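The values are calculated or read from the model by the stated rules, or taken from the named source; none is laboratory data. Quick caveat: nothing in here was measured; it's all calculated off a predicted structure. With ideal geometry, Cβ positions are generated from the backbone for all residues, glycine too; neighbour counts draw on all protein chains shown.
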Amino acid sequence: MKVIPILLCLVLLSSLSVAQETSPEYIINIGYFGNNLWNEGFRLGVEKPRDTFTKTNKRGKERTIARSYSANFNLYHDTDSHTGVFITAGWSRKKFLKNRWNLSTSLEPIGLYRSFLPETYEVDDNGEVSKVMLPGRFYLSPSASAGIGRLSKENPDNGWYLRANVTTLFPYNRVFMPLFNVDLGYHFSFKLPQK
């Protein structure tokens, strides 16, 4: 199981470094991450734009669509139960509508979740009780989300967003466990300095 975090880090780094020479621009997402709506948390994400194109629908209206590579760090705290920390990576898509509104979707099939439990003890075969160091466990955690957002009038690269997110933990008691989350935050563009 120790190999999975290393592989995940390699995938994250390679997906975010694609086409860096041609466009060293990133979109940073930062915001509130609420697990099951009431467990408060935090999300920090980065998107690397992949391509942008225009599509015409059946009514003849043109819509601009932007696709990106994405990676996120998520954290939430369930009082008296556990703290969840996980990272995900995959792809995101935004469709831009009139009046600066946009619809976004993302699929992040690469994910690793780590739970941290409160003070925990274990009893060995001799009946001795000892404290468990860093109790909790790892799960695979693919994720998908959909939501809306609005771009700033002054700076179209910035704006707010609201997304519904489903993250699935497995194996969880031999099957899987869905986590329902809400993500409310702000995004802005960030450009690396040219060499």
task = Within the range 98-115, work out how many residues are surrounded by 14 or more Cβ atoms within 10 Å (Cβ to Cβ) and among the aromatic types (F, W, Y).
result = 1
task = Quickly run through the range 171-188 and pick out the residues that are of a type outside the set (A, V, I, L, M) and more than 17 Å from the chain's Cα centre (by Cα).
result = P171, Y172, N173, R174, F176
query = Do we find a residue being over 21 Å from G31 (Cβ atoms), surrounded by fewer than 17 Cβ atoms within 10 Å (Cβ to Cβ) and free of Cβ contacts under 8 Å to residues at least 12 places away in the same chain anywhere in the range 77-92?
reply = no
Among residues of the range 157-185, those that are assigned to a strand (DSSP E or B) and under 15 Å from K94 (Cα atoms), counted = 6
request  = Identify all residues within the range 122-156 that are in a loop (DSSP other than H, G, I, E, B) and either surrounded by 15 or more Cβ atoms within 10 Å (Cβ to Cβ) or among the hydrophobic types (A, V, I, L, M, F, W, C) (or both); write none if there are none.
outcome  = V132, M133, L134, P135, G136, S141, P142
inquiry  = Being assigned to a strand (DSSP E or B), touching a Pro at 6+ places or on another chain (Cβ under 9 Å), among the hydrophobic types (A, V, I, L, M, F, W, C) and farther than 21 Å from D78 by Cβ is the requirement here; does L112 meet it?
reply    = no
Yes/no for F73 being of a type in the set (F, W, Y) and buried (at least 17 other Cβ atoms within 10 Å of the Cβ) = no
request  = Could you please let me know if T120 is β-branched (V, I, T) and either modelled with pLDDT under 95 or over 22 Å from Y161 (Cβ atoms) (or both)?
outcome  = yes
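One line per residue, one yes/no per condition, for (1) at pLDDT 95 or above; (2) in contact with a Leu (Cβ under 9 Å, 6 or more places away or on another chain); (3) aliphatic (A, V, I, L, M):
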| residue | (1), (2), (3) |
| --- | --- |
| P49 | no, no, no |
| T52 | no, no, no |
| K58 | no, no, no |
| K61 | no, no, no |
| A66 | no, no, yes |
| H82 | no, yes, no |
| L97 | no, yes, yes |
| S106 | yes, no, no |
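Table: residues versus (1) in contact (Cβ under 8 Å) with a residue 40 or more places away in the chain; (2) over 22 Å from A89 (Cα atoms).
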| residue | (1), (2) |
| --- | --- |
| M133 | no, yes |
| L140 | yes, no |
| A144 | no, no |
| S152 | yes, yes |
request  = Output the qualifying pairs, or none if there are none: Cβ atoms under 7 angstrom, residues six or more apart or on different chains, first residue in the range 154-181 and farther than 12 Å from N35 by Cβ, second residue among the charged types (D, E, K, R) and part of a strand (DSSP E or B).
outcome  = G159/R150; W160/R150; R163/D183
